[in-house]
Amino acid sequence: MRRITGKAKDETLIELQSTADPLNGDGPAVLTAFRINLHSDENSGNGFSSLPEIGTLPGDTETDKLQPNKDTVFFRDGVRRVDFVLSYVEDKDGEKKQERRKEFEANLEKAGLELETEDKTDSKDKKTYFLKIHAPWDVLATYADVLKIKVPFKGSDIPHAKDVPLEWLSHPFRLPEHIMHPQPDYFTYPFDKTKTDFFLITNKDTFFPPSTRNRIVFYILARCHYYKEDQKDKEKVGIKRLLSNGTYTAAFPLHDCQYWKRARNAECESERYSLYKHWARFLSFYKEQPLNLIRKYYGEKIGIYFAWLGFYTEMLFFAAVMGLICFTYGVLSYDDNISSKEICDPNKGGSIVMCPLCDKKCPFWRLNSTCLSSWQSHLFDNEGTVFFAIFMGIWVTLFLEFWKRRQARLEYEWDLVDFEEEQQQLQIRPEFEIRCTNRRLNKITQEMEPYLPITSKCARFCLSSATVVFWISLIVACIIGVIAYRLAVYAAFASIIKDPMRKIQFVGRIITPQLATSVTASCINFVIIMILNFFYERVAIWITDMEIPKTHLEYENRLTMKMFMFQFVNYYSSCFYVAFFKGKFVGYPGDYSYMFGHLTKLRNEECDPGGCLIELTTQLVIVMAGKQVWGNIQEALLPLIRNWWSSRKGRHNPENHYSRWEQDYVLQNFSQLGLFYEYLEMVIQFGFITLFVASFPLAPLLALFNNILEIRVDAWKFTTQFRRPVASKARNIGAWQEILNAVAILSVVTNAFIMAFTSDMIPRMVYLYTYGNSSMEGYINNSLSIYSIRQIPENNIYRDYRYPPDHQKRYTHTMQFWHILAAKLAFIIIMEHVVFVVKFFVAWMIPDIPSDVKARVKRERYLIQEYMHNYEVEKLKLQLSATLKPIYIEEN
């Protein structure tokens, strides 16, 4: 039996060791712990009133009855909370690493942290040591003052919003009040260690929540050195370096309980269990998100991500409904499509012989062989598409403006209004402090600070820029390769599918050479995209590290811009080719255009007689849907398989056999760039549903279904698969906001050009109102041109607006071609100006910050000034009275 005395004056922890001798093979020693009060209370005359009851869980053995609950977040004294855990193993290079750990841990203790080590014999693998770290009140107060952490000083007196009419309709989507608002509303002020009586401190052990505690401890760990005092080495600083060189194997804060049940200890919040029960399960997909609880448990940075993702998903609902209406219109107007009827008519389309699709091996073919593809094109290329493109231009503006308002409200509610200004200097990356050996005087703080010389900064920037340009050029080269593949395979498909001697006429009616080429090229392009992404992600991180950004915010912004530029070219370049280049530089029979000149024999692709829009739709569906499916497989399916495999090994009562730190140790580490990839995935999706949405109105619906799943998959990963991340603050979504704004503006231009040059809408409208006498009959014949081949008695047709061979201007563009071109340019100008005017008007009409939030911010600042003034006055009165009282006594 041994006694471990904690800091509590009236408690002693006694551990009783069983007689089992592990050296004799009798199994591990079993420990049973009791907390004994040394002072009797009014309900008991002895000191054993607080002995815990030892129950038996289903499946427990007799030995388990005597075993303590290891699923705890406290030190062995049961009083001090574990704020952080470091793990390490002994290996071949053990002496050097042991020396580092010894110096590092000694310096942590000098900084005021309290440490407790779990021996490797108590771990599952008998190899891993766990170092538990606790931050006492003095340390927390000191660094809360340094970090300017806002804490409550007065309960909020601003009433909540009043009930709105028909609020009962939203009850099925709401969560319990204690989940949505786990904390009361307070007015807050940056913590000041010298004014602790100003703040609402009722219990020092719980005043700072666990997320704030682990943030403070990590701040200390990241800046604590591990060199000897007589051997000062600027590089030997920080837990990140110790993790990279293998001195420690992991560093993480603890989850407060297991995700599937509450903690046994009533002092534990069990917030992880609440998050899993009300948020992470897929059956809760229709419920609102507990954003305040997410923020309280994981920190503001993760909370703002889920707030943005949830808001984006809500707004997608309106775009998805409108897109579904437009698609439904295309289905219902199926029978009114005169152009498709003419193509499919054996007497019209069947009598038109089209020119070969390639130079040598391709035969002539009948227009009615493209009957099915023309019907498919009508589903997406109809009058409703123009309306939907304009609607999406306005929708994206409403989304961004309303998000600004939502973000402003969260900034106030989460105490982030003045965060960036106060924290900018405190967010300096430890890597910057370590690698920048030059020092200069800060004109504001009048203190020496590290800096990067301008010559070094320029050299690093040039190397970084050259690397990005090289990789973007590599993407362009791959796209050119895919285009060459399309041209070569297109000729092969055309020679096979359109050959009347081959018995695949039925297949030829379903699969045109254009469709077959587009599908196979899109699949190959998707594989290339995934491969390039895999390598460039590592290159982007390397060159960003090489630039040595000063702050965490600057690091993330630089990496964001590099990754997005690459991903933009990687994902969208093939769609830009199909939308704006394919079929635009074909030439005409006798004077065709070739890729890389006539020597290559690779004739530029032609669009289907129904237009290129259906091919753009195919490209968009394959790349967008493929990315979403592959992302969900990576995020959900692979972890499920890994969990299934580990569950086969079985764990009997893990809360008894495995400690809380061991259970968290086997989870995946959540890296600093974890949220970066989540944002990147959603922003790339945002580009798909805005830049090319005119070609596929169902894109928002696919995105909506994906995001409903994405929210719950991400929630499931955070609560069950990842170690608890270190809490960090962020007042907004950072550089992603500017990227979204740029994509929104570009989307208006791209959709206008798609409707003008990729869709057949403008040529049809010109024919309807100028040449067709308000009827579409004869449009197909009007859109084709004649080419005469002397060896063949009948004239052959190709798609263009050119004069026939018997005209004095033969094979030159007709006046109708110029009318259509003028109409296309006019449409682009009109659509862009209309949408931009509406966008800017909506942005001007909707203020970025709600009026009630402005009022609350002003009231809080007023109250802070008033309360601080009253506090200082009362403090001065006390000092004066304490000073004057001895003088008064002396005079008397």
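The values are calculated or read from the model by the stated rules, or taken from the named source; none is laboratory data. These figures come from a predicted structure and were not determined experimentally. Note that we place each Cβ from the backbone using ideal geometry, even for glycine, and neighbour counts take in every protein chain shown. To get the accessible areas, we keep the full protein, side chains included, count just its heavy atoms, and leave off ligands, DNA and RNA. Shrake-Rupley method; radii C 1.70, N 1.55, O 1.52, S 1.80 Å.
Assorted remarks:
- Selection within segment 134-170: residues that are surrounded by fewer than 18 Cβ atoms within 10 Å (Cβ to Cβ) and small (Gly, Ala, Ser). The member of this set that is modelled with the lowest pLDDT is 161.
- Enumeration of residues in segment 610-632 that are β-branched (Val, Ile, Thr), open to solvent by less than 20 Å² (accessible area, probe 1.4 Å) and either more than 14 Å from residue 694 (Cα to Cα) or over 30 Å from the mean Cα position of the chain (by Cα) (or both): 623
- The numbered conditions (1) out of contact with any Pro (no Cβ under 8 Å at 6 or more places or on another chain); (2) surrounded by fewer than 18 Cβ atoms within 10 Å (Cβ to Cβ); (3) assigned to a helix (DSSP H, G or I) are all true for residue 391 except (2).
- Test: residue 857 is touching a Phe, Trp or Tyr at 6+ places or on another chain (Cβ under 8 Å), part of a helix (DSSP H, G or I) and open to solvent by less than 80 Å² (accessible area, probe 1.4 Å): yes
- Pairs linking a residue in segment 468-493 that is without any contact (Cβ under 8 Å) to a residue 60 or more places away in the chain to a residue that is surrounded by 21 or more Cβ atoms within 10 Å (Cβ to Cβ) and among the small types (Gly, Ala, Ser), with Cβ atoms under 7 Å and 6 or more positions apart or on different chains, are 485/521.
- Residue-level check: of (1) within 38 Å of the chain's Cα centre (by Cα); (2) part of a helix (DSSP H, G or I), residue 848 misses just (2).
- Residue 467 being of a type in the set (S, T, N, Q), surrounded by fewer than 18 Cβ atoms within 10 Å (Cβ to Cβ), modelled with pLDDT of 80 or more and assigned by the TED database to the domain that holds residue 747: yes
- Within segment 303-349, being assigned to a helix (DSSP H, G or I) and among the small types (Gly, Ala, Ser) holds for 303, 307, 310, 319, 320, 323, 330, 339, 340, 349.
- Unmet requirement for residue 97, which otherwise passes all of (1) open to solvent by 30 Å² or more (accessible area, probe 1.4 Å); (2) assigned to a helix (DSSP H, G or I): (1)
- Residue in segment 778-789 that is touching a helix residue (DSSP H, G or I) at 6+ places or on another chain (Cβ under 7 Å) and open to solvent by less than 10 Å² (accessible area, probe 1.4 Å) present: yes
- Out of 538, 509, one residue alone is modelled with pLDDT of 80 or more, over 22 Å from residue 620 (Cα atoms) and of a type outside the set (S, T, N, Q). It is 538.
- Listed by position, the helices (runs of 4 or more DSSP H) inside segment 679-795 whose residues that are within 24 Å of the chain's Cα centre (by Cα) and under 30 Å from residue 256 (Cβ atoms) number at least 3 are 699-716.
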